[in-house]
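Here is the structure we will look at, set down as structure tokens.
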Amino acid sequence: MWQTSDKPKHADPAAPARAARDLRTVVRRLGAAGPLAIIAAALPAIGFVTLLSTLRIVGPWLKAQNGLGLALYVLVFAVCSGLAIFPTNAQSVLGGWAFGFAVGFPAAMGGVLGGGLIGYAVARRATGDHVVRLIAEQPKWKAVHDALLGGRFWKTLLVITLVRLPPNSPFAITNLVLAATRAPLAAYTLGTLLGLAPRTAAAVFLAARFKELTFAEAQPIWMWGATAALTVVAAAIIGYIANRAVARVTGVIPRERSDQGIQQSGPMKPDSSLRSE
């Protein structure tokens, strides 16, 4: 006989409206972070087209100005990347072609450093504490945040470096997310330099070999492979840390276990695992 208890479950007709209402509430509570995210996602693409259309004028001019051109390059790189006007990769290519690798690479890294600090300052001031307060209300979100950005300096540095490392990691959006979630400035600055150094070096090196300043040259196959590999590695490590944090909150992993394992010499101090994250 059929069991009358196995009746099909009907979807709640009010669920879509409730989900939309919850989403609007979250977006409203994010404050300036929402509009800034849209700007940080769209503006660099527009800036890339603009930069591409002026390369034949700007590139030779910078190359002919020597010291003045170099100073202007670093300054404009910092401001335009910090305000999400131009993407960092395109500006790195410009520096490599205009100044060569020996001068162009440190100049591009100076622009990256300045742009990172400008982007952090703008996003931190604009977003305030809206994002961190929203995160604090959700135990799982807070656990992930604390595990990734709220623990020891070296662990936070590793996470930020991994986020920055893939060549397809968006510079402006990453600045916004890290600033809005209150990433420590020291780890943010050093992680930005370490994470962006390889892709900046590659862009400058390749551009220094260009005969003409153009983005039409095909990228070497190894760059595509490196991009995919670094993206997978970074996502795997960060995902592992985040999943362990969620598991600890939900009780899958006992709270007394830290990432370093259980100490064999004696009982652990209360809440030491939370502080170790």
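Scan the range 139-157 for residues that are within 30 Å of F48 (Cα to Cα) and surrounded by fewer than 19 Cβ atoms within 10 Å (Cβ to Cβ) and report the count. Walk me through how you get there before you give the answer.
Taking the range 139-157 as the starting set, the residues that turn out to be within 30 Å of F48 (Cα to Cα) are 157.
Still in the running and surrounded by fewer than 19 Cβ atoms within 10 Å (Cβ to Cβ): none.
Matching residues across the range 139-157 total 0.
State all residues of the range 180-235 that are at pLDDT below 70 and within 30 Å of A121 (Cα to Cα); if no residue qualifies, say none.
Selection gives T227 alone.
Based on what the data block shows, is A172 under 30 Å from I57 (Cα atoms), free of Cβ contacts under 8 Å to residues at least 12 places away in the same chain and part of a helix (DSSP H, G or I)? Steps first, please.
Values: under 30 Å from I57 (Cα atoms): yes; free of Cβ contacts under 8 Å to residues at least 12 places away in the same chain: no; part of a helix (DSSP H, G or I): yes.
No; evaluated as a whole, the condition is false for this residue.
It is to be established whether one or more residues within the range 63-72 are in contact (Cβ under 8 Å) with a residue 24 or more places away in the chain, touching a Leu at 6+ places or on another chain (Cβ under 7 Å) and either closer than 23 Å to P170 by Cα or among the basic types (K, R) (or both).
Of the residues in the range 63-72, the ones in contact (Cβ under 8 Å) with a residue 24 or more places away in the chain are 63, 69-70.
Filter again for touching a Leu at 6+ places or on another chain (Cβ under 7 Å), leaving 69.
Now drop any that are not either closer than 23 Å to P170 by Cα or among the basic types (K, R) (or both), which leaves none.
No, because not a single residue in the range 63-72 is in contact (Cβ under 8 Å) with a residue 24 or more places away in the chain, touching a Leu at 6+ places or on another chain (Cβ under 7 Å) and either closer than 23 Å to P170 by Cα or among the basic types (K, R) (or both).
Each row is one residue, and each column tells you yes or no for (1) at pLDDT 90 or above; (2) among the polar types (S, T, N, Q); (3) surrounded by 23 or more Cβ atoms within 10 Å (Cβ to Cβ); (4) touching a helix residue (DSSP H, G or I) at 6+ places or on another chain (Cβ under 7 Å).
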residue: S81; (1), (2), (3), (4): yes, yes, yes, yes
residue: P87; (1), (2), (3), (4): yes, no, no, yes
residue: W97; (1), (2), (3), (4): no, no, yes, yes
residue: G119; (1), (2), (3), (4): yes, no, yes, yes
residue: R124; (1), (2), (3), (4): yes, no, no, yes
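I'm trying to understand the selection: among the residues of the range 156-180, which are over 17 Å from L117 (Cβ atoms) and in contact with a Ser or Thr (Cβ under 9 Å, 6 or more places away or on another chain)?
Listed by number, the residues that qualify are L165, P166, P167, N168, S169.
From E256, E277, grab the single residue that is at pLDDT below 75, farther than 22 Å from G110 by Cβ, of a type in the set (D, E, K, R) and within 27 Å of the chain's Cα centre (by Cα). Quick ask: steps written out before the conclusion?
Details: E256 fails: within 27 Å of the chain's Cα centre (by Cα).
Residue meeting the stated conditions: E277.
Kindly provide the set of residues from the range 55-70 that are of a type in the set (S, T, N, Q) and loosely packed, with under 14 Cβ neighbours inside 10 Å, ordered by number.
Just the residues of the range 55-70 that are of a type in the set (S, T, N, Q), to begin with: 65-66.
Of everything in the range 55-70, just one residue is of a type in the set (S, T, N, Q) and loosely packed, with under 14 Cβ neighbours inside 10 Å, namely N66.
Which of (1) buried (at least 17 other Cβ atoms within 10 Å of the Cβ); (2) farther than 25 Å from R164 by Cα is the odd one out, the single condition Y73 does not satisfy?
Of the numbered conditions (1) buried (at least 17 other Cβ atoms within 10 Å of the Cβ); (2) farther than 25 Å from R164 by Cα, the odd one out for Y73 is (2).
State whether the residues of the range 90-99 include one that is farther than 17 Å from L176 by Cα and within 16 Å of the chain's Cα centre (by Cα). Write out each step before concluding.
Within the range 90-99, the subset farther than 17 Å from L176 by Cα is 90-99.
Narrowing the set further to residues that are within 16 Å of the chain's Cα centre (by Cα) leaves none.
Within the range 90-99, none of the residues are farther than 17 Å from L176 by Cα and within 16 Å of the chain's Cα centre (by Cα).
Confirm whether R133 is modelled with pLDDT of 85 or more, among the basic types (K, R) and at negative phi. Show your work before the answer.
Working: modelled with pLDDT of 85 or more: no; among the basic types (K, R): yes; at negative phi: yes.
No, not satisfied.
Please enumerate the residues belonging to the range 175-191 that are under 9 Å from the mean Cα position of the chain (by Cα) and crowded, with 23+ Cβ neighbours inside 10 Å.
Initially, the range 175-191 is screened for residues under 9 Å from the mean Cα position of the chain (by Cα), giving 175-178.
N175, L176, L178 - these are the residues of the range 175-191 that are under 9 Å from the mean Cα position of the chain (by Cα) and crowded, with 23+ Cβ neighbours inside 10 Å.
Could you list, in sequence order, all residues of the range 41-83 that are among the β-branched types (V, I, T) and farther than 18 Å from I118 by Cβ? Let's see the steps before the verdict.
From the range 41-83, those among the β-branched types (V, I, T) are 46, 49-50, 54, 57-58, 74, 76, 79; that's our starting set.
If the condition is that a residue be among the β-branched types (V, I, T) and farther than 18 Å from I118 by Cβ, then I46, V49, T50, T54, I57, V58 are the ones that fit.
Does the range 75-96 hold any residues that are outside any helix (DSSP H, G or I) and either farther than 14 Å from T174 by Cβ or aliphatic (A, V, I, L, M) (or both), and which are they? Let's see the steps before the verdict.
Step one: filter the range 75-96 for residues outside any helix (DSSP H, G or I), giving 83-87.
L83, A84, I85, F86 - these are the residues of the range 75-96 that are outside any helix (DSSP H, G or I) and either farther than 14 Å from T174 by Cβ or aliphatic (A, V, I, L, M) (or both).
So which of R164, R133 ends up being within 13 Å of the chain's Cα centre (by Cα) and among the charged types (D, E, K, R)?
Values: R133 fails: within 13 Å of the chain's Cα centre (by Cα).
Answer to the check: R164.
The values are calculated or read from the model by the stated rules, or taken from the named source; none is laboratory data. If you're wondering where the values come from, they're calculated on a predicted model, not measured in any experiment. Methodologically, a virtual Cβ is constructed for each residue, glycine included, from the backbone with ideal geometry; neighbour enumeration extends over all protein chains shown.
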